[in-house]
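We did not get these values from a lab; they are worked out from the coordinates using the rules stated. As the structure is a prediction and not an experimental result, all values here were calculated from the model. Here the Cβ positions follow ideal geometry from the backbone for every residue, glycine too, while neighbour counts run over all protein chains shown.
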Amino acid sequence: MRDRVFRAAILATAIIGAAAAAAVPVFEVDPSWPKVPAKWKLGDASSVAVDAEDHIWVLHRPRTLPAEQSTMAAPPVMVFDQAGNFIKAWGGAASGYEWPEREHGIHIDYKGFVWIGGNNCPARALPGLKPAADDQLLKFTADGKFVRQIGASSQSKGNADTKNFHQPADAVVYAKTNELFVADGYGNHRVIVLDADTGKFKRMWGAFGNQAVDKDECPPPSLNSMPAGDGPDQFSIVHAIRVSNDGVVYVADRENRRVQTFTLEGKFLKQLVRGSAPFARDLALSRDRDQQFLYVGGGTDIVVVNRKTMEIATTIQGGGVIGGGHQMETDSKGNLYIAQTNRGLQKLIFMGIGEGGR
């Protein structure tokens, strides 16, 4: 599925200011992960998730495979163990629900349910896809049994709509409140929170805690740079979302190149802007007790952020790293998994905490 890379330690690079002597996580590329069965091919790997058993769930886009490989397309949901061994696969269109036209995000919640969303919009006019907007989230059991659909294809009424999403990019369930936090997303510009069991609307907010306003662009903008300062008062692409154990909500505002943080109720706390380079593509939290680090996807690098101060500690790049990823996640051992769409998948083995500035 991708070229093998040499096994190499990825030491901390580009240490920022006073953080140069700080202890930072060190990773090593696993060149053999994952082991895709020979009968199958993966399309663009869009997202990755980890369940309570440390099984790694991959969502990919079978319809991105070239025509000559279409008969070998793997099911869109693939599950592997930490060593990369294949466990199971399922997913795709079926009666009773609307499978997304363009697979985007996958999340496994604390009860073991699987959440899947998409980001197709009609004006993309991508080969093999219907001209529909993915305005829904799907919930399945771990074995692929359909549980619930929230929202409906091409039914969004905009950022004030509490029934539908609009190309939701990512979602996460916070166990302590049993709430589903959705990064909504490509068409909308908000965080929306629902009851994870019933799908009942609870609250929503935009950048800085503002009310999100409608600016539906299809395809959405891709910005090459950002001016200095705090940035716009609205989100651009709300691309990833995570909630820490202590109840801080982290939102990746991709095209505005910033991560904003909020309380569970949506009160703005602080932000980190990195306007000089691609930033805030995806998010993951370290698995130590205090979740000391927030991993933020850049362009060619993964930015390691001190979660408490929201200051950059170091970046991870080179040594075979495929880049900052499209979506990423950590397992219980601290290993980092990257889904990088057309560049494939990668596992970075957590080697422990080392000293920066080597």
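Taking 7 Å steps out from each Cα toward its Cβ at TRP90 and LYS111 produces label points 1.6 nm apart. Each part gets one Cα centre, and for region 194-238 versus region 51-68 those centres are 27 Å apart. Between the entries [x] 5, 22, 28, 22, 14, 7, 2, 0; [y] 5, 21, 24, 17, 13, 11, 6, 2, 0; [z] 6, 27, 36, 25, 6, 0, the label attached to P(r) over Cα pairs in 10 Å bins from 0, in percent calculated for this structure is [z].
What share of Cα pairs, in percent, lie more than 19 angstrom apart in region 16-75?
On the way: 925 of 1770 pairs.
Result: 52 percent of Cα pairs exceed 19 Å.
Tell me, how many Å apart are the Cα centres for region 257-324 and for region 31-48? Rounded to whole Å, the Cα centres lie 26 Å apart. The separation of region 75-134 from region 326-351, counted between C-alpha centres, amounts to 18 Å.
Computed log10 I(q)/I(0) for region 192-254 at 0.29 Å⁻¹: -1.42, from the Debye equation with unit scatterers placed on every C-alpha and solvent omitted.
Taking 0.36 nm per residue of sequence separation and removing the Cα-Cα distance, the ASN210/ALA38 pair yields an extension gain of 57.0 nm.
Taking packing as the residue-averaged number of other Cβ atoms within 10 angstrom, the listed peptides 206-216, 280-290 run from highest to lowest as 280-290, 206-216. Cross-link partners for LYS270 among the lysines, with Cα-Cα distance under 20 Å and sequence neighbours closer than 8 places in the same chain left out: LYS308.
For region 70-112, list residues with backbone N below 15 Å from a point placed 7 Å from the Cα of LYS130 toward its Cβ? Once the point is set 7 Å along Cα→Cβ of LYS130, 92-103 turn out to lie under 15 Å by backbone N, inside region 70-112.
What residue among THR198, THR261, THR141 shows peak mean-square fluctuation when the chain is described by a Gaussian network model with Cα springs under 10 Å? Comparing THR198, THR261, THR141 in a Gaussian network model of the chain, the most mobile one is THR198. Kirkwood hydrodynamic radius of region 220-329, from the reciprocal of the average inverse Cα-Cα distance over all distinct pairs: 13.9 Å.
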